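Structure record follows, encoded as structure tokens.
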Amino acid sequence: MFQKFLNLSRLQKRVVSISADVVALTFALWAAFSLRFEQSLWMPTRDQAILSGLTVVISVAVFVRLGLYRAVVRYLSDRAFLTVVGGTVISAVALILLGYWLEVAVPRSVPIIYAALAFIFVAGSRMGVRMLVMHPGRRNKQPVAIIGAGETGLQLCQALEQGTEYRPVAFISFLKANHRALINGVPVYDIGHVEKAVRKHRVKRLLLALDAGSSVDRKRLLKQLEPLAVPVQTVPSMAELISGNKRINDIRDLEIEDLLGREPVRPDNAQISEGLFGKSVMVTGAGGSIGSELCRQIIRHKPRILVLFEISEFALYSIERELRSINAIEGLGVKIHPLLGSVVHRRRSEAAMRAFAVDTVYHAAAYKHVPLVEHNVIEGVQNNVFGTWHTAEAAIAAGVERFVLVSTDKAVRPTNVMGATKRLAELVLQALAHRQSGTVFSMVRFGNVLGSSGSVVPLFRDQIRDGGPVTVTHPDIIRYFMTIPEASQLVLQAGSMGQGGEVFVLDMGEPVKIVDLARKIIRLMGLEEKTEEKPDGDIEIVFSGLRPGEKLFEELLIGNNPQGTAHPRIMMAREISLSWPELQKILEGLGRASQAFDCEAAVELLKEAQTGYVPNGSLSDLVWSNAETCAEAHSSTPKVVSFN
């Protein structure tokens with residue numbers, strides 16, 4: 001029967017609602033007079049019946065005018081109940097006025113009793129229908145607990161109650177005074193009782209809904225939530241909600257900032273803006289992980305022109321479309337120019353810089369994946385070394401004011417070709433900084449970037465969702481980590497601080513053990529590690545062995561005496577540099593080796609270039625190795641003499 005009512009058309013439901021309200025208001029009037037006259041079988045006179053009929057008609061007309069019958073019952077909001085309050089008050093006033101005009105005796109207490117009863121019947125009927133409609137859905141929803149009992153938590157609770165996936169069963173508060181309180185009908189527990197709340201309400205998911213500017217120690221909080229073996233997720237940031245890009249109930253995995261476990265570096269926005277506002281800025285590798293984030297941050301400092309230089313057509317298309325959207329929505333008025341091109345081509349780079357009168361270049365174009373560069377030595381040398389050199393020479397020729405290189409901690413005492421090429425790129429810029437004074441060159445060195453292409457965090461999550469195992473190269477491998485926005489902010493900060501030839505590094509705190517990071521992600525996704533002690537666990541961690549060129553730990557400094565800067569978390573490395581004539585000889589030798597595709601000669605030159613390069617394995621370039629194998633096989637194959 002109830003299901004038939006739900007299947008009625010919208011017009012039929014409105015007719016039913018109006019009919020129900022007519023009956024409810026008529027009964028409320030009769031009950032009000034009966035209570036006032038203390039007569040259980042009170043019968044109205046003719047005049048009282050007319051008065052009651054007119055009051056009901058006017059009341060329904062008022063409800064129609066106020067839009068009560070347009071509201072969908074299952075999604076009734078506070079505004080709908082305020083409409084009922086307003087309608088019943090007007091209805092009571094109409095009763096008084098009609099009684100006066102029709103000269104019908106209406107005791108003073110009757111309108112008050114009537115208004116109260118009318119509100120109870122009209123609002124209560126809708127509340128009852130809403131509960132009947134929503135109750136089956138609530139049983140099918142997944143029970144969740146909301147971490148945070150502030151405004152964000154309340155908004156999330158209200159949004160989830162209207163949805164179809166999750167049912168809030170508990171709030172977890174950081175104020176002991178809130179313990180055992182009720183918010184929106186949901187019980188509140190102190191953070192110290194989170195385990196009890198999870199067990200009691202059979203919570204299947206924990207949702208972080210911390211207010212912006214909250215002083216909660218996220219690292220400590222996540223450490224407390226890890227043992228619960230319940231998936232921990234978060235809601236969008238306030239900035240995403242304000243911009244309209246996300247909704248409060250867009251649940252997602254924990255932010256990588258939460259996994260980082262340290263306070264991010266705060267940039268000096270005033271200093272950065274001074275170097276970008278109204279300027280012409282070029283970003284090479286604009287479609288990459290770091291390059292694209294640089295573009296997102298640069299555009300908000302309102303440069304006059306932003307030139308996107310990228311070799312990948314799809315990557316360039318994607319970042320251009322995103323930046324044009326930001327530009328239009330925020331009304332920034334930045335001219336965006338997408339350019340396809342390779343940094344190896346000096347004349348293309350110089351032509352672009354001259355055409356748009358570029359003031360600052362952020363050089364993020366590089367091959368950075370260690371095993372891939374080990375397998376493609378010559379391409380790594382060409383892109384990372386010659387690409388940097390040619391782009392820098394183009395910047396000098398085009399009169400660019402500042403040139404900032406995005407470097408890596410793998411450039412410190414490198415054990416792989418990628419690190420050696422990035423260290424040589426640093427030496428190139430240092431030599432160019434001493435050779436001339438027109439362009440200010442500086443370098444920014446930082447550790448692994450969480451969430452970038454090739455980052456372990458999305459890889460671990462994908463492996464966990466696939467049922468495992470999670471692959472870690474070595475049980476003792478450690479890395480420094482930072483987020484993409486943080487790395488980009490550091491690059492912009494260094495670009496504004498550089499005076500010429502400096503290598504800036506970030507005080508990144510303590511390094512992170514990769515296997516510990518993997519275990520944390522497993523636990524925060526609500527699963528348990530499978531070990532010999534726990535054979536019934538969900539996800540196994542497998543150690544696959546170090547990859548070609550990979551080392552157990554990374555460093556940010558070659559020396560041990562870094563120099564401080566105006567920024568408390570940014571240091572300046574004191575390291576050796578080469579003169580331009582010395583470096584030119586190395587570059588000429590590398591050029592000849594590259595043209596001849598002589599990988600062995602290229603690797604030897606990288607060793608001799610004072611990069612500190614000490615390979616931890618044999619040469620593993622795929623083409624070089626296979627060419628040698630084929631040559632050996634060809635030379636050992638006996639010749640077949642034909643007598644035809």
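Evaluate the following for Ala328: is it aliphatic (A, V, I, L, M), surrounded by 18 or more Cβ atoms within 10 Å (Cβ to Cβ), within 22 Å of the chain's Cα centre (by Cα) and at pLDDT below 95?
Spelling it out, it is not the case that Ala328 is aliphatic (A, V, I, L, M), surrounded by 18 or more Cβ atoms within 10 Å (Cβ to Cβ), within 22 Å of the chain's Cα centre (by Cα) and at pLDDT below 95.
Mind telling me which of the residues Glu350, Glu310, Glu320 ends up being under 12 Å from Ser292 (Cβ atoms), touching a residue at least 24 places away in the same chain (Cβ under 8 Å) and surrounded by 14 or more Cβ atoms within 10 Å (Cβ to Cβ)?
Selected residue: Glu310, the only one of Glu350, Glu310, Glu320 that is under 12 Å from Ser292 (Cβ atoms), touching a residue at least 24 places away in the same chain (Cβ under 8 Å) and surrounded by 14 or more Cβ atoms within 10 Å (Cβ to Cβ).
Which ones in region 94-111 are part of a helix (DSSP H, G or I) and over 18 Å from Leu25 (Cα atoms)?
Correct list: Tyr100, Trp101.
Output the residues belonging to region 30-44 that are in a loop (DSSP other than H, G, I, E, B) and in contact (Cβ under 8 Å) with a residue 12 or more places away in the chain.
Just the residues of region 30-44 that are in a loop (DSSP other than H, G, I, E, B), to begin with: 38-44.
Result: Trp42, Pro44.
Table: residues versus (1) modelled with pLDDT under 95; (2) over 20 Å from Gly341 (Cβ atoms); (3) outside the structural domain of Gly589 (by TED's automatic domain parsing); (4) surrounded by 24 or more Cβ atoms within 10 Å (Cβ to Cβ).
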position: His375; (1), (2), (3), (4): yes, yes, no, no
position: Gly380; (1), (2), (3), (4): yes, no, no, yes
position: Thr391; (1), (2), (3), (4): no, no, no, yes
position: Arg413; (1), (2), (3), (4): yes, yes, no, no
position: Met418; (1), (2), (3), (4): yes, yes, no, yes
position: Arg423; (1), (2), (3), (4): yes, yes, no, yes
position: Ala433; (1), (2), (3), (4): yes, yes, no, no
position: Met443; (1), (2), (3), (4): yes, yes, no, yes
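Give Arg321, Arg354, Arg348 a once-over and let me know the one that is basic (Lys, Arg) and modelled with pLDDT under 95.
Arg321
Of the residues that sit in region 407-425 and are within 31 Å of the chain's Cα centre (by Cα) and not basic (Lys, Arg), which one is nearest to Ala365 (Cα to Cα)?
That would be Ser407.
Against the condition in a loop (DSSP other than H, G, I, E, B) and more than 21 Å from Gly419 (Cβ to Cβ), how does Val358 come out, does it pass?
Against the criterion (in a loop (DSSP other than H, G, I, E, B) and more than 21 Å from Gly419 (Cβ to Cβ)), Val358 qualifies.
All but one of (1) aliphatic (A, V, I, L, M); (2) farther than 30 Å from Val400 by Cα; (3) in a helix (DSSP H, G or I) hold for Ala494; which doesn't?
Against the list (1) aliphatic (A, V, I, L, M); (2) farther than 30 Å from Val400 by Cα; (3) in a helix (DSSP H, G or I), Ala494 comes up short only on (2).
Does Ala229 meet the test of being more than 21 Å from the chain's Cα centre (by Cα), among the small types (Gly, Ala, Ser) and closer than 20 Å to Ile521 by Cβ? Spell out the reasoning first.
On the way: more than 21 Å from the chain's Cα centre (by Cα): yes; among the small types (Gly, Ala, Ser): yes; closer than 20 Å to Ile521 by Cβ: yes.
For Ala229, the condition - more than 21 Å from the chain's Cα centre (by Cα), among the small types (Gly, Ala, Ser) and closer than 20 Å to Ile521 by Cβ - is met.
Is there any pair with a first residue in region 265-279 that is closer than 21 Å to Met571 by Cα and a second that is at pLDDT below 80 and not in a helix (DSSP H, G or I) whose Cβ atoms are under 6 Å apart and which are 6 or more apart or on different chains, and what are they?
Matching pairs, first to second residue: Val265/Arg569.
The values are calculated or read from the model by the stated rules, or taken from the named source; none is laboratory data. None of these values were measured; they are calculated from a predicted model. Every residue, glycine among them, receives a Cβ derived from its backbone with ideal geometry; neighbour counts consider all protein chains shown.
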